[in-house]
Amino acid sequence: WSKWAMFKTTLKVGSVAFVATAAYAMYEFRHPAHQQDFDPSKKTVVVLGSGWASTSFIKAIDTDEYNVVVVSPRNYFLFTPLLPSCTVGTVDVRSIVEPIRFITRHKSRAVKVYEAECTEIDPDHKTITLVDNSDVKGSRESSTLSYDYLIVGVGAMNQTFGIKGVEEYGCFLKEVWDAQKVRTKLMDCIETAGFPDQSPEEIERLLGIVIVGGGPTGIEYAAELHDFLIDDLTDWYPDLAGKLNITLVEALPNVLPAFSKQLIDYTESTFKEQNITIHTKTMVKEVREKEIVVQRPDGKTETMPYGLLVWATGNTARPLVRDLMAKFPNTQNIRRGLAVDDWLRLEGSESIFALGDATATKYAPTAQVAAQQGKYLARLFQQMAARDRLQKELGSDLSDDDRKKKERKLQKTQDIKPFHYSHQGSLCYIGSDKAIADLPFGAGNLASGGVATYAFWRSAYISNLFSARNRVLVITDWLKKTFLGRDISRE
Ligand code: FAD
Ligand code: NAI
């Protein structure tokens with residue numbers, strides 16, 4: 001009995017300790033401590049962007065060693081892997097964003113955050129120009145900032161290949177507002193299709209959802225839309241749901257070219273079961289207001305009417321990146337993005353570093369790569385700070401013994417290892433509670449697909465979400481969807 005009593009007491013004490021620790025952590029999170037001021041004797045690092053690359057750098061950088069300034073047109077981090085889920089309301093957009101100040105306010109030294117767009121980088125004077133991107137003052141003010149080191153993590157923009165009409169009529173899927181626009185437009189198409197006296201052709205067009213690009217973005221959007229149709233629209237729009245058509249257009253011979261052959265086949269057969277039409281070897285040539293012009297495998301062109309067009313054909317460099325490349329004509333000549341060395345230093349510059357989708361490296365433009373680069377760069381900066389400190393100390397009067405010790409330490413800090421990417425695998429949701437996964441396994445690869453892989457997909461995304469707050473919100477959204485269904489109101 002005494003063992004049982006001891007066990008109960010331990011359990012009680014453990015629970016009280018757990019609740020107290022959680023409450024304290026929550027209190028600390030909500031009420032961050034006082035931060036050190038900017039220190040003019042420290043170097044200033046200006047970070048452009050608040051995406052995967054920059055946020056992972058900001059999270060890991062030691063602000064005892066540097067003054068840090070963040071410039072980004074959006075004041076939050078966005079967990080892009082769950083963005084397709086936001087287009088149909090499986091997950092709320094607010095659940096997958098994390099205000100950047102929730103991170104910077106917990107650093108030991110105050111970090112300046114400017115919600116602004118960097119419009120120019122001047123490598124000669126080590127300054128950047130930033131423009132306030134809000135309309136609150138009527139006109140947009142601009143300012144300049146000086147840096148000792150600049151981190152370029154501005155990502156990429158949507159690739160359109162200059163195809164006529166894409167910007168005007170297509171919807172992208174990269175930012176929060178894209179997902180909101182797709183959701184609104186989808187509901188508009190459905191409601192308008194139900195308006196009195198629509199011709200059968202117009203109903204067919206309005207309910208024709210065309211997705212261009214069979215990469216992971218296009219596939220995941222098609223999958224989410226399919227689930228929305230089956231789980232919700234069928235109940236709330238019984239007369240229209242059966243007429244909704246999902247078509248995916250891909251220029252290559254198959255979708256998901258980066259995945260293994262068996263997973264491509266599995267995805268294509270799953271889509272067939274889900275009545276999602278895939279047109280491979282079909283290239284979009286022009287986008288018009290209500291139809292697209294495509295070139296079919298036999299070379300013939302035809303038109304395809306649509307109500308909603310989602311354009312997901314990959315990335316291209318932003319104007320800021322192209323402008324920076326033009327300033328280093330001898331070293332920057334890869335059109336895809338910024339050329340960097342193995343330490344993420346911009347080729348041609350000692351003080352600019354670049355990472356994530358803004359760069360052209362041997363790695364795919366993914367969140368995994370960007371996040372690992374951000375963490376690596378913070379470590380590199382730590383080593384650089386230690387090196388600078390030792391060099392300064394070696395310049396002062398030291399005993400022979402101390403000098404030797406510091407020289408040995410300096411030697412170590414100068415041996416900076418290059419960036420090494422560790423691939424954790426690729427995942428993609430394909431609808432009907434199924435996902436596919438290509439995972440590194442020993443020297444080879446483990447390919448799996450199905451419902452169990454979806455459980456893995458969910459747990460992987462939950463554990464990779466940026467904060468406990470995001471985790472709680474996303475799990476709540478998933479439960480809400482399961483028990484109450486998705487919301488079909490317009491955004
Ligand atoms: P981003 O995350 O795009 O961040 C760029 C930042 O720079 C943003 O904060 C932006 O506001 C800011 N910025 C832009 N212009 C300027 C400027 N002029 N001045 C200052 N700041 C600027 N990858 C995966 O590995 N797994 C996935 O499951 C996955 N799913 C995805 C789903 C979708 C729908 C999309 C679109 C992408 C997905 N990716 C995924 C890819 C991944 O999101 C990108 O590779 C990743 O976001 C790149 O990180 P980044 O920091 O380089 O760029
Ligand atoms: P992508 O570059 O992976 O795929 C774009 C597809 O569009 C290509 O297959 C291309 O052949 C096709 N295409 C291009 N022009 C076309 C045209 N005119 N007509 C028809 N098809 C055309 O782009 P995506 O999907 O936007 O992904 C961008 C990056 O983000 C990739 O690196 C991807 O791996 C990553 N990502 C990863 C996800 C995941 O791991 N689950 C999810 C979403 C994105």
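Hey, which of the strands (runs of 3 or more DSSP E) in the range 47-103, taking only ones fully inside, have at least 1 residues that are touching a residue at least 12 places away in the same chain (Cβ under 8 Å) and within 11 Å of the chain's Cα centre (by Cα)?
Working: elements: 66-72, 76-78, 97-99.
The strands (runs of 3 or more DSSP E) meeting that bar are 76-78, 97-99.
Go through (1) under 27 Å from the mean Cα position of the chain (by Cα); (2) at pLDDT 95 or above; (3) under 27 Å from Leu427 (Cβ atoms) for Met283 and report which single condition fails.
Met283 satisfies all of (1) under 27 Å from the mean Cα position of the chain (by Cα); (2) at pLDDT 95 or above; (3) under 27 Å from Leu427 (Cβ atoms) except (3).
Which condition number does Leu439 fail, the rest of (1) over 17 Å from Leu263 (Cα atoms); (2) not assigned by TED's automatic domain parsing to the domain that holds Leu344 being met?
Tallying (1) over 17 Å from Leu263 (Cα atoms); (2) not assigned by TED's automatic domain parsing to the domain that holds Leu344, Leu439 fails exactly one: (1).
Out of curiosity, is Leu256 crowded, with 17+ Cβ neighbours inside 10 Å, within 16 Å of ligand 1 (Cβ to nearest atom) and part of a strand (DSSP E or B)? Write out each step before concluding.
On the way: crowded, with 17+ Cβ neighbours inside 10 Å: yes; within 16 Å of ligand 1 (Cβ to nearest atom): yes; part of a strand (DSSP E or B): no.
For Leu256, the condition - crowded, with 17+ Cβ neighbours inside 10 Å, within 16 Å of ligand 1 (Cβ to nearest atom) and part of a strand (DSSP E or B) - is not met.
Among (1) hydrophobic (A, V, I, L, M, F, W, C); (2) over 21 Å from Val369 (Cβ atoms); (3) under 25 Å from the mean Cα position of the chain (by Cα), which single condition is Leu410 missing?
(3)
Tell me the residue from Ser134, Ser139 that is modelled with pLDDT under 95 and more than 26 Å from the chain's Cα centre (by Cα), please.
Details: Ser134 fails: more than 26 Å from the chain's Cα centre (by Cα).
Ser139 is the lone residue from the list that is modelled with pLDDT under 95 and more than 26 Å from the chain's Cα centre (by Cα).
Has the range 413-426 got any residue that is among the basic types (Lys, Arg) and over 25 Å from Ile219 (Cα atoms)?
First, the residues of the range 413-426 that are among the basic types (Lys, Arg): 417.
If we keep only those that are over 25 Å from Ile219 (Cα atoms) as well, we get 417.
Yes, some residue in the range 413-426 is among the basic types (Lys, Arg) and over 25 Å from Ile219 (Cα atoms).
Going through the range 148-177 one residue at a time, which ones are more than 30 Å from Asp341 (Cα to Cα), within 11 Å of ligand 1 (Cβ to nearest atom) and assigned to a loop (DSSP other than H, G, I, E, B)?
Scanning the range 148-177 gives Phe172, Leu173.
With the requirement that a residue be buried (at least 22 other Cβ atoms within 10 Å of the Cβ), part of a loop (DSSP other than H, G, I, E, B) and among the aromatic types (Phe, Trp, Tyr), what does the range 300-340 give you?
The answer is Tyr306, and nothing else.
So which of Ile230, Ile292, Ile246 is crowded, with 18+ Cβ neighbours inside 10 Å and closer than 19 Å to Tyr429 by Cβ?
On the way: Ile230 fails: crowded, with 18+ Cβ neighbours inside 10 Å; Ile292 fails: closer than 19 Å to Tyr429 by Cβ.
Of the residues listed, the single one that is crowded, with 18+ Cβ neighbours inside 10 Å and closer than 19 Å to Tyr429 by Cβ is Ile246.
If a residue has to be under 20 Å from Asp231 (Cβ atoms) and buried (at least 18 other Cβ atoms within 10 Å of the Cβ) to count, how many in the range 449-485 make the cut?
To start, the set of residues in the range 449-485 that are under 20 Å from Asp231 (Cβ atoms) comprises 450-451, 453-455, 457-458, 461, 474-485.
Still in the list and also buried (at least 18 other Cβ atoms within 10 Å of the Cβ): 453-454, 457, 461, 474, 477, 481.
Total meeting the criteria: 7.
Yes/no per residue for (1) of a type in the set (Phe, Trp, Tyr); (2) touching a Lys or Arg at 6+ places or on another chain (Cβ under 8 Å); (3) within 15 Å of ligand 1 (Cβ to nearest atom); (4) outside the structural domain of Glu115 (by TED's automatic domain parsing):
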| position | (1), (2), (3), (4) |
| --- | --- |
| Ala25 | no, no, no, yes |
| Lys43 | no, no, no, no |
| Val46 | no, no, yes, no |
| Ala60 | no, yes, yes, no |
| Pro73 | no, no, yes, no |
| Phe77 | yes, no, yes, no |
| Pro84 | no, no, yes, no |
| Val88 | no, yes, yes, no |
| Ile100 | no, no, yes, no |
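Condition first: touching a Pro at 6+ places or on another chain (Cβ under 9 Å) and farther than 22 Å from Asn158 by Cβ. Now tell me which residues in the range 331-343 satisfy that.
Within the range 331-343, Asp341, Asp342, Trp343 meet the criteria.
Search the range 203-227 for residues being within 19 Å of the chain's Cα centre (by Cα) and in a loop (DSSP other than H, G, I, E, B), and hand back the single one that is farthest from ligand 1 (Cβ to nearest atom).
Checking each candidate, the answer is Gly214.
Can you say whether Ile436 is touching a helix residue (DSSP H, G or I) at 6+ places or on another chain (Cβ under 9 Å), within 30 Å of Pro99 (Cα to Cα) and hydrophobic (A, V, I, L, M, F, W, C), as far as the supplied structure shows?
Numbers: touching a helix residue (DSSP H, G or I) at 6+ places or on another chain (Cβ under 9 Å): yes; within 30 Å of Pro99 (Cα to Cα): no; hydrophobic (A, V, I, L, M, F, W, C): yes.
So Ile436 fails the test.
Condition (residue is at pLDDT 95 or above and either within 16 Å of ligand 2 (Cβ to nearest atom) or at positive phi (or both)) applied to the range 184-192: is it met by at least one residue? Show your work before the answer.
Quick first cut of the range 184-192, residues at pLDDT 95 or above only: 184-192.
From the residues that got through so far, the ones that are either within 16 Å of ligand 2 (Cβ to nearest atom) or at positive phi (or both) too are none.
No: zero hits.
Might you check whether a residue that is part of a strand (DSSP E or B), closer than 29 Å to Gly425 by Cβ and in contact (Cβ under 8 Å) with a residue 60 or more places away in the chain occurs anywhere in the range 375-390?
no
Please specify each residue of the range 329-355 satisfying the condition of being closer than 22 Å to Lys43 by Cβ and either of a type in the set (A, V, I, L, M, F, W, C) or within 12 Å of ligand 1 (Cβ to nearest atom) (or both).
Answer for the range 329-355, where residues must be closer than 22 Å to Lys43 by Cβ and either of a type in the set (A, V, I, L, M, F, W, C) or within 12 Å of ligand 1 (Cβ to nearest atom) (or both): Leu338, Val340, Trp343, Leu344, Leu346, Ile352, Phe353, Ala354, Leu355.
Against the condition touching a Leu at 6+ places or on another chain (Cβ under 6 Å), touching a residue at least 12 places away in the same chain (Cβ under 8 Å) and more than 14 Å from ligand 2 (Cβ to nearest atom), how does Phe353 come out, does it pass? Walk me through how you get there before you give the answer.
Working: touching a Leu at 6+ places or on another chain (Cβ under 6 Å): yes; touching a residue at least 12 places away in the same chain (Cβ under 8 Å): yes; more than 14 Å from ligand 2 (Cβ to nearest atom): yes.
So Phe353 fits the description; yes.
Identify, from the list Thr301, Thr359, Thr277, the residue that is within 16 Å of ligand 2 (Cβ to nearest atom), under 16 Å from Leu48 (Cα atoms) and either assigned by TED's automatic domain parsing to the domain that holds Arg403 or in contact with a strand residue (DSSP E or B) (Cβ under 8 Å, 6 or more places away or on another chain) (or both).
Numbers: Thr301 fails: under 16 Å from Leu48 (Cα atoms); Thr277 fails: under 16 Å from Leu48 (Cα atoms).
Unique residue meeting the criteria: Thr359.
Would you say Asn445 is in contact with a strand residue (DSSP E or B) (Cβ under 9 Å, 6 or more places away or on another chain) and within 16 Å of ligand 1 (Cβ to nearest atom)? Let's see the steps before the verdict.
On the way: in contact with a strand residue (DSSP E or B) (Cβ under 9 Å, 6 or more places away or on another chain): yes; within 16 Å of ligand 1 (Cβ to nearest atom): no.
Spelling it out, it is not the case that Asn445 is in contact with a strand residue (DSSP E or B) (Cβ under 9 Å, 6 or more places away or on another chain) and within 16 Å of ligand 1 (Cβ to nearest atom).
Which ones in the range 280-289 are within 14 Å of ligand 2 (Cβ to nearest atom) and either assigned to a loop (DSSP other than H, G, I, E, B) or surrounded by fewer than 17 Cβ atoms within 10 Å (Cβ to Cβ) (or both)?
Step one: list which residues in the range 280-289 are within 14 Å of ligand 2 (Cβ to nearest atom), which gives 280-287.
Within the range 280-289, Thr280, Lys281, Thr282, Lys285, Glu286 meet the criteria.
The values are calculated or read from the model by the stated rules, or taken from the named source; none is laboratory data. Just so you know, these numbers come straight off a predicted model, no measurement behind them. Here Cβ is always computed from backbone atoms with ideal geometry, including for glycine, and neighbour counts include all displayed protein chains.
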